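Novice: Can you read through this structure? Questions will come right after.
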Amino acid sequence: MGKFEKFLMPMADLLSKNRVLIAIRDGFLITTPLLIVGSIFLLFANFPVPGWEDMMTSAFGPDWSSWFTAVSRATFNCTGLLTALGTGYAMARQLGGDKIQGAAVALVAFFIMMPTRHQATGADGKLVEGFVSGLSFGYIGPDGIFMALLSAILGVSLFVYAYKKGWTIKMPKGVPPAVMDSFAALVPSAIVLSAAFLIRIGFSFTAYETMQGFVVHILQTPLEGLGNTLGANLLYTFMCSFLWFFGINGPAVANSVYFIGNILTAKQQEAFAAGLPLPFIFTNPFSNFFTNYGGGGSTLSLVILMVTTCKSKRIKQLGRLSLVPGIFGINEPIIFGLPIVLNPIIMIPFVCVPMMNLTLSYFATVLEIIPRTTGVSLPWTTPIGFSGWLSTGSFVASLWQFGLLILGMVVYFPFIRTLDKKYLEEEIAANAEVSEEEEIDFDNLDLDNL
């Protein structure tokens, strides 16, 4: 454990304090509320209840679903654009620059390096079908997320560097602050946009034609394939749980590195909204709702055992206090109160149960026992049962969740039983010491001083 700690603590500390990784994580968090709201509208348009569509059509007409898909389309099809804005803002905040200017520069640089389709005419002077001027949702949607990250990180870094070097236009005193800030950002913005302009020209002479094409083919597509594998997700799940042993928030560290799930989820949402076959298994809803129940380590199974089978007052009382939060995926009371941190007994099932759930759910999806998640983004606090049903549209998925919850209890039982015996012995010994201290020594009692 000492060797593990010496190796992992510096690495986790480095990752948790890396400004680029923090900006990526926070950039996605900025867009998350919009994606959740869009998912709610998409879910309402495709609510998993028999007869729902017929009922709504009879009440509001055949075009009723377009009202809701307009909202979901406006969020899902703009995930790349939202990522550029959010990550640009977060990156500027990390580097100590102007946050609004950082978001604006990241967005414009993203647009400059994006492919555009121009109106074209043939030899006969007629418009060529298939060529449209302006931007395509295909470039500002999920396929643009990697490009958006690069635009935000590199663009804002260059912007803040130029600003801090003093490459700005200084206005005389008395000019309104808003005007001063605007002119101060002029030269740094020009440097960033000029760099994006040169990058666009440079890639136009390559086989990829644009930087967007290069990023999609060289980076994004291979990583999507890797992110949709069982091995990569087992490693991610292991690290999320294992880092908690040292008191490190595992998901906070792992999510800043492993962000491919956001892209897979966005593409899954697009396919679901279009009525196409769902391409991926390992989306964020799959990771959230078919791997862990009650928070990291799938500790809802543990909490139920603490309440129903343990005899130690300490464990039973902690279980009662943690049951309701655990239903909604909050388990910090268990992690630090039981504790799980630096507790080798409970750490074994804490790491193994989520990996078991992930593996079994993967094969259940492959064998079509449960359907694939639709990509609908639900709050991670959605309780077990509801989350399985809403994320897949199937009650079978809810039953599967409860089956894994019971299986997790079976795995946790011998370990919590061992810890319960240990704590119970300590409580008995502590009560015995208190009883001895309370006994009066009548042989040495000083009656004169009573």
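The values are calculated or read from the model by the stated rules, or taken from the named source; none is laboratory data. As the structure is a computational prediction, the values presented were derived from the model and not from experiment. Virtual Cβ from ideal backbone geometry, glycine too; neighbours counted across all protein chains shown.
Novice: Based on what the data block shows, is residue 320 in the same structural domain as residue 399 (by TED's automatic domain parsing), part of a helix (DSSP H, G or I), basic (Lys, Arg) and under 28 Å from residue 379 (Cβ atoms)? Show your work before the answer.
Specialist: On the way: in the same structural domain as residue 399 (by TED's automatic domain parsing): yes; part of a helix (DSSP H, G or I): yes; basic (Lys, Arg): yes; under 28 Å from residue 379 (Cβ atoms): yes.
Yes: the conditions hold for residue 320.
Novice: Report yes if residue 144 is loosely packed, with under 14 Cβ neighbours inside 10 Å and either at pLDDT 80 or above or outside the structural domain of residue 79 (by TED's automatic domain parsing) (or both), otherwise no. Working first, answer last.
Specialist: On the way: loosely packed, with under 14 Cβ neighbours inside 10 Å: no; either at pLDDT 80 or above or outside the structural domain of residue 79 (by TED's automatic domain parsing) (or both): yes.
Criteria not met by residue 144.
Novice: Within region 164-207, take every residue that is among the hydroxyl-bearing types (Ser, Thr, Tyr) and over 32 Å from the mean Cα position of the chain (by Cα) and give me the one that is nearest to residue 107 (Cα to Cα). Spell out the reasoning first.
Specialist: Residues of region 164-207 among the hydroxyl-bearing types (Ser, Thr, Tyr): 168, 182, 189, 194, 204, 206.
Filter once more, keeping what is over 32 Å from the mean Cα position of the chain (by Cα): 168, 182, 194, 204, 206.
Numbers: 168: 21, 182: 17, 194: 14, 204: 20, 206: 24 Å.
Per the criteria, the residue is 194.
Novice: Continuing with this model, one more query. I need a count of the residues in region 331-373 that are under 29 Å from residue 395 (Cβ atoms) and outside any helix (DSSP H, G or I).
Specialist: Within region 331-373, residues that are under 29 Å from residue 395 (Cβ atoms) and outside any helix (DSSP H, G or I) number 8.
Novice: Something else: Within region 161-181, can one find any residue that is surrounded by 14 or more Cβ atoms within 10 Å (Cβ to Cβ) and within 30 Å of residue 263 (Cα to Cα)?
Specialist: yes
Novice: Restricted to region 42-100, and to residues that are touching a Ser or Thr at 6+ places or on another chain (Cβ under 9 Å) and of a type in the set (Val, Ile, Thr), which residue is modelled with the lowest pLDDT?
Specialist: Residue satisfying both the conditions and the ranking: 75.
Novice: Which fully enclosed helices (runs of 4 or more DSSP H) of region 244-315 have 2 or more residues being closer than 26 Å to residue 148 by Cβ? Working first, answer last.
Specialist: Details: elements: 250-257, 260-273, 284-289, 300-308.
Passing ranges, in order: 250-257, 260-273, 284-289.
Novice: Now a separate question. Considering only region 374-390, state which residues are touching a residue at least 40 places away in the same chain (Cβ under 8 Å) and not in a helix (DSSP H, G or I).
Specialist: Going residue by residue through region 374-390, those that are touching a residue at least 40 places away in the same chain (Cβ under 8 Å) are 374-384, 387-390.
Passing the criteria: 374, 375, 376, 377, 378, 379, 380, 381, 382, 383, 384.
Novice: Within region 99-112, can one find any residue that is part of a loop (DSSP other than H, G, I, E, B) and either in contact with a Pro (Cβ under 9 Å, 6 or more places away or on another chain) or buried (at least 23 other Cβ atoms within 10 Å of the Cβ) (or both)?
Specialist: If we filter region 99-112 for residues that are part of a loop (DSSP other than H, G, I, E, B), which is where we start, we get none.
Scanning region 99-112 turns up no residue that is part of a loop (DSSP other than H, G, I, E, B) and either in contact with a Pro (Cβ under 9 Å, 6 or more places away or on another chain) or buried (at least 23 other Cβ atoms within 10 Å of the Cβ) (or both).
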